[in-house]
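Enquirer: Here's a structure for you.
The numbers here are math on the coordinates, done by the rules we state, and not lab data. Everything numeric in this text was worked out from a predicted model, so none of it was measured. Every residue, glycine among them, receives a Cβ derived from its backbone with ideal geometry; neighbour counts consider all protein chains shown.
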Amino acid sequence: MDTDYTTPAGIHGIRAFQDNYIWAIRQGRKLALVDPGEAAPVLEVIRRHELELTTILLTHHHRDHVGGVMELMELGDIRVYGPASEELPHCDVRLSEGDHVELPELDLSLHVLDVPGHTAGHIAYHGRAAGEEPVLFCGDTLFASGCGRLFEGTAAQMHQSLAKLMALPGQSRVYCAHEYTLANLRWACAVEPNNTALGAWQEEAAAMRERGESTVPTRLEHELAVNPFLRASEETVVAAVSQHVGRPVKPGVETFGALRAWKDDFR
């Protein structure tokens, strides 16, 4: 995660609450935000580095993603983009799958994907931002070695949403919204204890957190190797789930649903 605000362009993580990341897309003095759940840390960055907030991109309606919108809009003429079917504190441009967000002043070109599951109308953004490409802003749909809880959607919906993300280029940098990685990894290693890539990632992530570093963004190709939710058709994962529930389960949606229930109850 780039936190060097002296550079003229880049994607920066602004920490909020206990474990949220607000993603700040900077090009020169212009700034866009993804999911500003809290205004105060953003206002401090804007003041300290004399930036101009022009755009807010929202992925879903949960307060820890939209709670700072109204206060930030007091800064001036700010355009807010968000999911078409969700109740938001403010939204100028309603988006759904197939739509594009084009902002040349931020060197930003993102296409929109509908990814229901965590919430009914959750969206994700994929493409280019501040010269970085490919990038994925996925809110709470996909996490490092995890995925979002099913608050409003079904296992089948979330499985399909993750399949859309899995089809994106493997080099896509996954800008998820929470630092949940270590907890996710403890569970993931219970699912696949013999996955060497997963074991190595657990060690690396633990060392990163020990140094106070963020474990996100990761890359999509990395998630395909270490994230059980993206591996619901792999024999090792299907076998682990079958053993956990005490009966055979089918690869795909059934395995995914059992994985989500397993993670919900994992301590």
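Enquirer: Using a/c under 1.5 as the rounded threshold, could you call the range 51-90 rounded, prolate or oblate? The axes a ≥ b ≥ c are square roots of the C-alpha gyration tensor eigenvalues, and prolate needs a/b larger than b/c, oblate otherwise.
Expert: prolate
Enquirer: Report, to the nearest 10°, how far helix 181-191 tilts away from the longest principal axis of the Cα atoms in the chain, using its own Cα long axis and a range of 0 to 90°.
Expert: 20 degrees
Enquirer: Moving to a separate point now. Can you give me the long-range amide H partners of Glu97? Hydrogens built in the peptide plane at 1.01 Å from N, cutoff under 5 Å, separation of 5 or more residues or another chain.
Expert: Asp114
Enquirer: Give the angle, between 0 and 90 degrees and rounded to the nearest 10, that separates the Cα long axis of helix 253-265 from the longest principal axis of the Cα atoms of the chain.
Expert: 80 degrees
Enquirer: If Lys and Arg each add +1 and Asp and Glu each add -1, what is the summed charge of the other residues whose beta carbon sits under 12 Å from the beta carbon of Gln18?
Expert: Net charge in that neighbourhood comes out at -3.
Enquirer: Can you check what the net charge comes to around Met166, using other residues whose Cβ is under 11 Å from the Cβ of Met166 (Lys, Arg +1; Asp, Glu -1)?
Expert: Taking every Cβ under 11 Å from that of Met166, the sum is 0.
Enquirer: Sticking with this structure for a sec: How high is the relative contact order of the chain, in percent, with contacts defined as C-alpha pairs under 8 Å that are six or more residues apart?
Expert: Relative contact order comes out at 13 percent.
Enquirer: Roughly how big is the chain's charge dipole about its Cα centre, with Cβ charges of +1 (Lys, Arg) and -1 (Asp, Glu), in debye to the nearest 20?
Expert: Its charge dipole is roughly 560 debye.
Enquirer: In addition: Can you pull out the trypsin sites (Lys or Arg not before Pro) in the range 1-106 whose DSSP state is coil and whose Cβ has at most 14 other Cβ atoms within 10 Å?
Expert: Arg29
Enquirer: Taking the chain as the reference, fit the longest principal axis to its C-alpha atoms, fit the long axis of helix 196-210 to the helix C-alpha atoms, and give the angle between the two in degrees, 0 to 90, nearest 10.
Expert: Helix 196-210 sits at roughly 40 degrees to that axis.
Enquirer: Among Phe137, Trp201, Pro248, whose Cα projects farthest towards the positive end of the dipole of the range 108-267, with charges put on the beta-carbon of Lys, Arg (+1) and Asp, Glu (-1)?
Expert: Positive-end residue among those listed: Pro248.
Enquirer: Could you please report the charge total around Asp64, scoring K, R as +1 and D, E as -1 over all other residues with beta-carbon less than 10 angstrom from its beta-carbon?
Expert: -3
Enquirer: Another question, then. With unit charges on the beta carbon (Lys/Arg positive, Asp/Glu negative), name the residue among Leu185, Pro41, Gly170 whose Cα is farthest towards the positive pole of the charge dipole of the range 9-265.
Expert: Checking the options against the dipole of the range 9-265, the answer is Leu185.
Enquirer: May I pose another question? Cα centroids of the range 10-50 and the range 187-202: how far apart, whole angstrom?
Expert: Their Cα centres are 32 Å away from one another.
Enquirer: Run down the lysines and flag those whose C-alpha is under 25 Å from the C-alpha of Lys164, throwing out any fewer than 8 positions away in its chain.
Expert: Excluding near neighbours in sequence, the set is Lys250, Lys263.
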